[in-house]
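Notes follow the structure.
Where a number appears in this text, it was derived from the coordinates with a stated rule and is not lab data. What you see is a predicted model; the values in this text were computed from it and never measured. Using ideal geometry, Cβ is built from the backbone for each residue, glycine included, and neighbour counts are taken over all protein chains shown.
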Amino acid sequence: MPKEMVDEMNPGIGEQVFQPFVDPEDPYFDDAAQMHVYDIVRSRNMHKRNHTPTCFKYGKKRKCRARYPRKLIAETKFDPETGVIELERDDEWLVGYNSWLALMIRANHDCQFLFTKNHALSVIHYIMKYISKPEDSLHSKLAIAAATRKDLNVANTGPLLRL
């Protein structure tokens, strides 16, 4: 692929997330898609190296509940002793992903194999709990906005801010 095409297609880390979809008719589709996936995964599918408060929910003070960092895996393989498929991982902070999903949704996602009934049920429970959590009521959002405005005005000690 010509260098100017590479530079145009890969302006900076995370930039491909906001680019149009790669045209499947493009003669360089495979190369372009690979660059887009690499950029999207590196900018959107990496666990935070300094973790977030979510990593330590439920009383886990020292250990990340998502089990990061994870061990590096040179190549995808099946371990017949444990029955586990180990996916290739070249970075210990890399979250499991699917290249085609990354290319299409251009957002973070976590692909996992669900081999046991309990694992599948726990994921279903998590998803249902997540999508059905109640939204904060309008009056509580307004109360938060009013308190924030008041704090900003006190800190500013100038005329009232117009929101």
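Remark: C-alpha extents of the stretch 71-126 on the principal axes read 34, 32, 18 Å, sorted largest to smallest.
When N counts the residues of the stretch 1-153, how does its alpha-carbon radius of gyration compare numerically with 2.2 N^0.38 Å, as a ratio? Rg over 2.2 N^0.38 Å, computed on Cα atoms: 1.37. For the chain, the longest principal axis of the alpha carbon atoms and the long axis of helix 117-131 meet at an angle near 40°. Lacking any other cysteine beta-carbon closer than 4.7 Å, the following Cys residues of the chain have no compatible partner: 111.
If you take the square roots of the eigenvalues of the alpha-carbon gyration tensor of the stretch 81-159 and sort them as a ≥ b ≥ c, do you get rounded (a/c under 1.5), prolate (a/b over b/c) or oblate? Verdict is prolate for the stretch 81-159.
Once the Cβ-Cβ distance of residue 26 and residue 101 is raised to the sixth power relative to R0 = 22 Å, the FRET efficiency obtained is 0.65.
Place a point 7 Å from Cα of residue 43 in the direction of its Cβ. Which residues in the stretch 98-120 have their backbone N less than 19 Å from it? Taking a point 7 Å out along Cα→Cβ of residue 43, the residues of the stretch 98-120 whose backbone N falls under 19 Å are 98-110.
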